[in-house]
1. Going residue by residue through the range A:354-364, is there one that turns out to be facing another protein chain (nearest Cβ under 9 Å) and either farther than 25 Å from residue B:58 by Cβ or out of contact with any helix residue (DSSP H, G or I) (no Cβ under 6 Å at 6 or more places or on another chain) (or both)?
2. Taking the options B:187, B:231, B:196, B:262, name whichever one is under 30 Å from residue B:151 (Cβ atoms) and of a type in the set (Lys, Arg).
3. If the requirement is being modelled with pLDDT of 90 or more and not acidic (Asp, Glu), which of these qualifies: A:420, A:426, A:443?
4. Could you give me the residue pairs with C-beta distances under 6 Å whose first residue belongs to the range A:309-338 and is without any contact (Cβ under 8 Å) to a residue 40 or more places away in the chain and not assigned by TED's automatic domain parsing to the domain that holds residue A:281, whose second residue is among the small types (Gly, Ala, Ser) and assigned to a helix (DSSP H, G or I) wherever it lies, and which are 6+ apart or on separate chains?
5. State which residue is modelled with the lowest pLDDT when the search covers only the range A:190-207 and only residues that are charged (D, E, K, R) and buried (at least 16 other Cβ atoms within 10 Å of the Cβ).
6. From A:332, A:379, A:323, which residue is within 12 Å of chain B (Cβ to nearest Cβ) and either touching a strand residue (DSSP E or B) at 6+ places or on another chain (Cβ under 8 Å) or at pLDDT 95 or above (or both)?
7. Given the conditions (1) away from every other protein chain (no Cβ under 14 Å); (2) among the aliphatic types (A, V, I, L, M); (3) in contact with a Ser or Thr (Cβ under 8 Å, 6 or more places away or on another chain), report the number of the one that residue B:172 does not fulfil.
8. Please work out which one of (1) closer than 24 Å to residue B:267 by Cβ; (2) in contact (Cβ under 8 Å) with a residue 40 or more places away in the chain; (3) under 22 Å from the mean Cα position of the chain (by Cα) is the condition residue B:178 fails and give its number.
Amino acid sequence: MIPADRTDQQTDTGVALRMTGISKRFGPVQALADVTFTVRKGTVHALVGENGAGKSTLMKVLAGVYRPDEGTIEIGGCDHQFNTPGAAIDAGISMIYQELDLAEHLTVAENVFLGAEIKGNLPFTMDLGAMVDETAELARRFSFDIDPSAIVEDLATGDCQIVEVLKALRRNASIIVMDEPTSSLSESEAARLFEVVRGLRAKGISIVYISHRLEEIVDLADDLSVLRDGCLVHSEAKTQLDIPRIVHHMVGRELTDFFPKRSASIGEVRFKATDLASDYGIRDISFDVRQGEIVGMAGLVGAGRTEIARTIFGVDKKTAGTIELDGKHLSITSPQQAISSGIALLTEDRKRTGLCLELPCSWNITMPNLAAIGMKTLISPAKETLIAADIAGRIAVKWSSPDAPVDSLSGGNQQKVLIARWLLAASKFMIFDEPTRGIDVGAKKEVYTLLNKLAEEGKAILFISSELPELFGIADRILVMRRGKLVGNRITKDTTPEEVMHLAAVEES
Amino acid sequence: MSKTVRQLLPFGSLVLIICVLSAIKPDTFLTSGNFINVLRRSSINGIIAVGMTAVIISAGIDLSVGSIVALSGIVAGYTMVAVGGENPQGSALIIGSVAGILTGLLAGMLNGTLITKLNLPPFIVTLGSMSMFRGAAYYINDGQPINVPNYTYLNEAVYFGVPVSIIIFALILVIAAFVLRYTRLGRYTYAIGSNRQAAFHSGINVDFNLISIYTITGMVAGIAALITTSRAVSAQPTAGIALELDIIAAVVIGGASLSGGRGSITGTIVGTLMISFLRNGCLHLGISPFIQLIVIGAIIIAAVSVDQIARSKAASTQAG
């Protein structure tokens, strides 16, 4: 592991937050390992890392949502043990999540005082006027331009962020955590938010700023910490911020052995998309995937990768463009058609769009395949169990029996049940959307081996992932998405993680 | 509590109720005549409960079945009189019966279509259609019952000592159990109820399957309407008021989950019979019908809460 070269906290501003030796396991997954994270008072501290690096877990520990297995939290010099989010709020920690936490039908002032309403003169009443006044006063003090009586629903997303900030300030927050605050903001709204952040800093409030957009971090942050695989691998102070080095720390890790040797011979073009567009933000998407080829797709969350998969699979309506499979034009308007044409999609959220959790594993495996295995009119449960067990045996799914409900399996095995489903479907073109998300390292390796094997069988594979190392480990080619457009198409050998991250994260000026 | 114990619990309770009642009243309760009587009374609810089971497994609900019983009955009676005059017989009765079943089928199809094509919650759609179908049932004959004095077959015919309504009930049960277990429609019903999104992403035609389920439910309600009409030798627009609640109760006591993905025909039979035997038992014991209501209500809550506790225990041992 790379030693963390932490800068000494020699500044005169003092320490607002010190998390020391934080570790947290979820079953077999070590989400955080001995993380020490220090935030100086009155600074903006950027926290970066790939998806799954442990940023959210660390912040949830700070917010009292998770209890760390080990480690201490010090705020303003006092030790704290949070058991509940309420305790963390009392200690001065406020979280602003990506999905804002506002009551949309209430006014700004009502939201700011939600749960701590100012009592009115009569019992069971609240003093709306006082709440509006205090909110206005708070906004004035920090020079925010917002109407306390406006209904939150009517506000722009940027203004909603400000309501969240006001809520935090009303609770006397000394540390505000912002998780990807600009991901849904326009340029001008983002610029305004940066002013807000700078204003907070000027008043001595510390901001932990989580973002994938590196250029805005370089602009805004005083300090920066990088998490990777649950470890804090790097911390540095403002003077040195430099995008290539940050990227290096985010992605740099040993890639040997973990990935199978690619041995598939690449053949004819199997799948071809031309000028694909949908109402969900993707446009002008053209690419092809050959027989035996694994094409990786990189991009930030929200860059439109899943939307491409959904459009190809007939979930989202295609507004323009064409799709070809083995030279044949397909017009697909439903997953049903996609599957019968030979396209498979392993969706990114296996719980929401993948599995029927309380139903037996065997049922989940045969679900789209009943007609294909000769059970179009009548199901033979005994034969079905055999078929499911056979296909699952090929990828070593661990279950007590094929009749066990899927939710009795571990995450990695649940994912394998889903993979078994699409193996049985014997599709020609397979889209895997984040197939290794939330599964442990061993299961990840098995997924890579399987992808390789499928490619060897001549299938064309589109492999969507937010983890660059696995893209570089397994893909023959890497497509890069940014804001709904395909901005890069590189042979894996001829590119670097740094270049891909740059394409995905940095807006061209 | 293991899964098998949990599944056997409703059945065990039913057996227990029967045993206790038999012990207390061996001479009146424990007679074949009484048992046939209970089954006969169960047949109407039971037949509809079969459809309701599928609806509930699919994570839906059908509040309109009681009104479909009234509407189908009235349409059947109206057709019989229209075809066969004041005192319809023979083919007029058959034509009317077909019209009644068709009415139920179409009413169910309307429910299913509105639910899927307008993407509305089943609760809302069937709450609305409950009122619409009831209104239509009243309107057709101006709120008056339609007498069909010769329509006695479904109530009186007996084969090998078993009334025909019980035979129809049993047939529908067998077919439904078979469909749920051995056909894609049955399988997809569970899949849609368990996770509609996952079902859709697996290429299941969710709309078609849901419409089928509601259509079948409407159809069996139509069949139940004919038995109801035959029993009274009169089609009544007030038939089946609050029937849907009894039926939902039976399905839920049988272990089905209102959040979908769970339920079985055997469970539903047990639930239906449990309610019927309790009613019958209270009658034999001379317990007031008011108390019956209290007992049945308590059993619904008890059945579901035992199930919930067992589930949360199972879940916590799994997580730990």
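The values are calculated or read from the model by the stated rules, or taken from the named source; none is laboratory data. Not measured: the values here are computed from a predicted model. Cβ atoms come from the backbone with ideal geometry, glycine included; neighbour counts cover every protein chain shown.
1. Here is the first cut: in the range A:354-364, the ones facing another protein chain (nearest Cβ under 9 Å) are A:354-359, A:363-364.
The next check asks that each one be either farther than 25 Å from residue B:58 by Cβ or out of contact with any helix residue (DSSP H, G or I) (no Cβ under 6 Å at 6 or more places or on another chain) (or both); those that pass are A:363.
Looking through the range A:354-364, at least one residue is facing another protein chain (nearest Cβ under 9 Å) and either farther than 25 Å from residue B:58 by Cβ or out of contact with any helix residue (DSSP H, G or I) (no Cβ under 6 Å at 6 or more places or on another chain) (or both).
2. Values: B:187 fails: under 30 Å from residue B:151 (Cβ atoms); B:196 fails: under 30 Å from residue B:151 (Cβ atoms); B:262 fails: under 30 Å from residue B:151 (Cβ atoms).
After ruling out the rest, the residue left standing is B:231.
3. Details: A:426 fails: modelled with pLDDT of 90 or more; A:443 fails: modelled with pLDDT of 90 or more.
Within the list A:420, A:426, A:443, the selection yields A:420.
4. Correct list of pairs: empty, since none qualify.
5. Of the residues in the range A:190-207, the ones charged (D, E, K, R) are A:192, A:195, A:198, A:201, A:203.
With buried (at least 16 other Cβ atoms within 10 Å of the Cβ) added as a condition, the list becomes A:192, A:201.
Values: A:192: 84, A:201: 92.
The residue in question is A:192.
6. Numbers: A:379 fails: either touching a strand residue (DSSP E or B) at 6+ places or on another chain (Cβ under 8 Å) or at pLDDT 95 or above (or both); A:323 fails: within 12 Å of chain B (Cβ to nearest Cβ).
Among A:332, A:379, A:323, only A:332 is within 12 Å of chain B (Cβ to nearest Cβ) and either touching a strand residue (DSSP E or B) at 6+ places or on another chain (Cβ under 8 Å) or at pLDDT 95 or above (or both).
7. Only one criterion is unmet by residue B:172, namely (3).
8. (2)
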